[in-house]
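Input: a single structure, listed below in structure tokens.
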Amino acid sequence: MNRVRNFCAGPCTLPVEVLAETRDELLDYDGSGMSLIEMSHRSPEYDAVHGDALERLRSALEVPAEFDVLFLQGGALLQFAMVPMNLLPPGSTAGYVRSGAWGKAAHADAERAASTYLAWDGTDAGFTRMPEPSEIEVRPGTRYVHLTSNETIEGIQLRSLPDLAVPLVVDISSDFLTQPVDWHQVDLVYGGVQKNLGPAGLTVVVIRRSALDDSVAGLPSYLGYAGHAKAGSLLNTPPMFSVYVMGKMLRWIEDRGGLAGMAERAARRSGVLYDVIDGSDGFYTGPARPHARSRTNVVFRLPSPDLDGRFLAEARDAGLVNLKGHRSVGGMRASIYNAMPDEGVDELAGFMRNFAQGAG
Ligand code: PMP
């Protein structure tokens with residue numbers, strides 16, 4: 001077996017232990033004579049897996065009792081539409097923070113579904129920082145302000161949620177379970193699990209029950225949160241494989257200190273890479289302002305784009321893959337989600353130092 005260090009922005013690397021256990025159970029789940037993914041989603045076996053994953057997620061993310069956890073499909077992208085459809089009845093509005101490509105995309109979709117406004121725009125700052133709380137416009141009658149806690153493409157992150165006069169809705173797709181959520185401030189958070197928690201196909205929505213009770217009625221069944229909550233996220237066939245593997249990943253996270261352990265890892269490991277950037281005498285540059293640097297997506301540039309191809313080829317030879325930055329920003333991006341081993345980060349740091357010496 002020759003596993004590489006995979007710095008993909010998502011889907012991401014998963015722990016070997018989790019993959020191996022999944023493989024071992026694939027043909028015969030718990031003596032049933034079939035795989036879990038061949039079973040009915042109404043079977044007692046799947047029911048146990050589903051309930052266990054819900055409970056583990058609730059506990060890992062420290063979700064208070066007054067919130068419901070929903071397992072959905074359609075990615076964070078579907079939430080860009082479902083959030084306004086459910087939370088914005090006619091006559092209400094919401095503010096959207098355009099902090100980067102994903103915040104911008106969330107706003108564009110919300111505008112198609114309901115009335116919204118731009119509460120802050122980071123375009124002029126080149127998406128190199130997040131807003132200060134005082135910079136976020138909250139108009140009268142605002143139902144919620146939408147934030148993207150970590151902009152995956154630009155590599156910038158909110159270190160804490162702002163205390164605004166209205167509830168927040170937060171896209172936590174790319175820093176899911178790497179820093180705590182301040183539940184006092186939010187009505188809803190959502191994220192796909194394919195970066196920090198498991199395989200693609202499952203989107204988690206955590207919604208305050210009072211927001212659920214006030215949500216827009218009469219939507220087509222899949223699009224309304226209330227129906228999913230009432231059915232315990234078994235309104236229709238759920239993404240069983242993703243739920244099943246996420247349950248294993250959550251156990252793996254628990255064994256490593258849970259949320260606190262993951263937050264410590266994210267701070268420490270991103271620090272290792274930012275130290276290389278800052279200690280490279282300007283060879284590497286990171287566009288993000290220091291206080292806004294993402295702990296899950298470390299974005300950096302080489303002195304000239306002419307060196308990008310060589311950097312990527314030599315990194316690949318060293319077993320370090322998927323370091324190319326998003327095509328819209330160029331440069332490099334190392335995504336270091338929960339399952340990335342410390343050794344992967346150390347190997348990348350060593351490679352970056354050597355490369356700068358060789359090319360500098
Ligand atoms: N929001 C953020 C912050 C993301 O990083 C992504 C995916 N890269 C999305 C939304 C879209 O997520 P999905 O592919 O799950 O729809």
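Brief remarks on what is shown
- Cα centroid separation - the stretch 334-348 against the stretch 52-77, whole Å: 26 Å
- Each residue of the stretch 329-334 is assigned a 3J(HN,Hα), and the resulting list reads 10, x, x, 10, 9, 9 Hz, derived from the Karplus form 6.51 cos²θ - 1.76 cosθ + 1.60 (θ = phi - 60°), x at Gly and Pro.
- Nitroxide proxy distance, nm - points 7 Å out along Cα→Cβ at Glu111 and Tyr222: 2.6 nm
- Computed log10 I(q)/I(0) for the chain at 0.06, 0.14, 0.15 Å⁻¹: -0.23, -1.17, -1.29, from the Debye equation with unit scatterers placed on every C-alpha and solvent omitted.
- Long-range amide H partners of Tyr96 with built H, under 5 Å: Tyr117, Leu118, Ala119, Trp120, His146
- Proximity of backbone amide H atoms, modeled 1.01 Å from N, is registered between Phe67 and Arg209 at under 5 Å, excluding neighbours fewer than 5 places apart on the same chain.
- Given Lys195/Lys324; Lys104/Lys248; Lys248/Lys324, the pairs whose alpha carbons are separated by over 22 Å: Lys104/Lys248; Lys248/Lys324
- When the Cα positions of Tyr144, Gln73, Phe355 are compared along the charge dipole of the chain, Phe355 comes out farthest toward the positive end, with charges on each C-beta of Lys, Arg, Asp and Glu.
- Selected from Gly282, Val345, Asn196, residue furthest toward positive end of dipole (the chain; charges at beta carbon): Gly282
- Karplus-derived HN-Hα couplings along the stretch 345-359 (A = 6.51, B = -1.76, C = 1.60, θ = phi - 60°), whole Hz, x at Gly and Pro: 5, 5, 5, 5, 4, x, 4, 4, 4, 5, 4, 4, 5, x, 9
- Global geometry of the stretch 257-359, whether rounded, prolate or oblate, following the gyration tensor of its Cα atoms and the 1.5 cut on a/c: prolate
- Solvent-accessible surface of the chain, averaged per residue with a 1.4 angstrom probe and all protein chains in place: 42 square angstrom.
- Among 28-38, 287-297, 204-214, the order from most to least packed when residues are scored by Cβ within 10 Å on average: 287-297, 204-214, 28-38
- Value of [θ]222 nm, deg cm²/dmol, for the chain, DSSP H segments ≥ 4, -39500 (n - 2.57) each, nearest 500: -11500 deg cm²/dmol
- At R0 = 22 Å, FRET efficiency that the Cβ-Cβ distance of Leu234 and Glu25 yields, to 0.05: 0.55
- The charge dipole of the chain, taken about the Cα centre with unit charges on the Cβ atoms of Lys, Arg (+1) and Asp, Glu (-1), comes to about 660 debye, rounded to the nearest 20.
- Close amide-amide hydrogen proximity is noted between Cys8 and Thr13, each under 5 Å apart and 5 or more residues distant or on a separate chain (H modeled in the peptide plane; Pro and chain starts excluded).
- For Ser40 and Thr93, the FRET efficiency from 1/(1 + (r/R0)^6), where r spans their Cβ atoms and R0 equals 45 Å, is about 0.55.
- 3J(HN,Hα) from dihedral phi, the stretch 218-235, Karplus parametrisation 6.51/-1.76/1.60, rounded to Hz, x for glycine, proline: x, 6, x, 3, 5, 7, x, 4, 4, x, 5, 5, 4, 8, x, 6, 10, 5
- Placing R0 at 51 angstrom, the Cβ-Cβ distance between Met1 and Asp52 gives a FRET efficiency of 0.95 after rounding to 0.05.
The values are calculated or read from the model by the stated rules, or taken from the named source; none is laboratory data. Predicted model only: the values in this text are computed from it and were never measured. Positions of Cβ are backbone-derived with ideal geometry, glycine not excepted, and every protein chain shown enters the neighbour counts. The protein model used for the area step is the full one, side chains on, heavy atoms only, and it has no ligands, DNA or RNA in it. Shrake-Rupley method; radii C 1.70, N 1.55, O 1.52, S 1.80 Å.
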